[in-house]
Amino acid sequence: MSASDGLVTRRRAVAWALLGLTAAVSYAVQTLYAGWTSTGDIALPIATAHIPFYWRFALALFQGLLVGSIAFLGLSERDCQRILDRIPVLAPALILPLAGLMLVFP
């Protein structure tokens, strides 16, 4: 494996990690915002349960793909290694509080 193969592998790892992290945070924030601002329409339970879910999921996936693509194309080897070293601490620090809030405010 050459040095450039290692860089591509690290870039790919960072891109996938940031895609997942961005999508999870985006979905959680969108869900919390929707729960905070809406009262819910009792007349349309199916539409209010499913359609917003698909929109939030699609938007979170799009944002994750965008961040992952930018990371894959734009990061240097040093930046990739720095991000890979911080992801194990950063991911739980972002995801767990949002998950807890989603349990408290469904």
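Within a 10 angstrom radius of the beta carbon, how do Asp79, Asp85 rank from fewest other beta carbons to most?
Numbers: Asp79 14, Asp85 10.
The most exposed by this proxy come first: Asp85, Asp79.
log10 I(q)/I(0), Debye, Cα-only region 49-89, no solvent, q = 0.26 Å⁻¹?
Per q value, in the given order, log10 I(q)/I(0) is -0.85.
Take peptides 62-72, 91-101 and line them up by average Cβ neighbours within 10 Å, highest first, as a rough protection proxy. Kindly include the intermediate steps, with their values, before the conclusion.
On the way: 62-72: 16.7, 91-101: 13.0.
Ranked by mean Cβ neighbours within 10 Å, highest first: 62-72, 91-101.
Per residue of region 65-82, what does 6.51 cos²θ - 1.76 cosθ + 1.60 with θ = phi - 60° give for ³J(HN,Hα)? Whole Hz please, x for Gly and Pro, Karplus curve as stated.
Couplings: 5, 5, 5, x, 5, 5, 5, 5, 7, x, 8, 7, 5, 5, 5, 4, 5, 5 Hz.
At a 10 Å Cβ-Cβ cut-off, how would you order Val25, Val8, Val104, fewest neighbours first?
Working: Val25 18, Val8 14, Val104 8.
Lowest count first: Val104, Val8, Val25.
How far is it, in nm, from the label point at Ile70 to the one at Ala13 when both lie 7 Å from their Cα along the line to the Cβ?
With each label placed 7 Å out from Cα toward Cβ, I get 2.3 nm.
Here, each number is a calculation from the coordinates, and none is a lab measurement. Keep in mind it's a predicted model, so treat the numbers as computed, not measured. We place every Cβ from the backbone using ideal geometry, glycine too, and count neighbours over all the protein chains shown.
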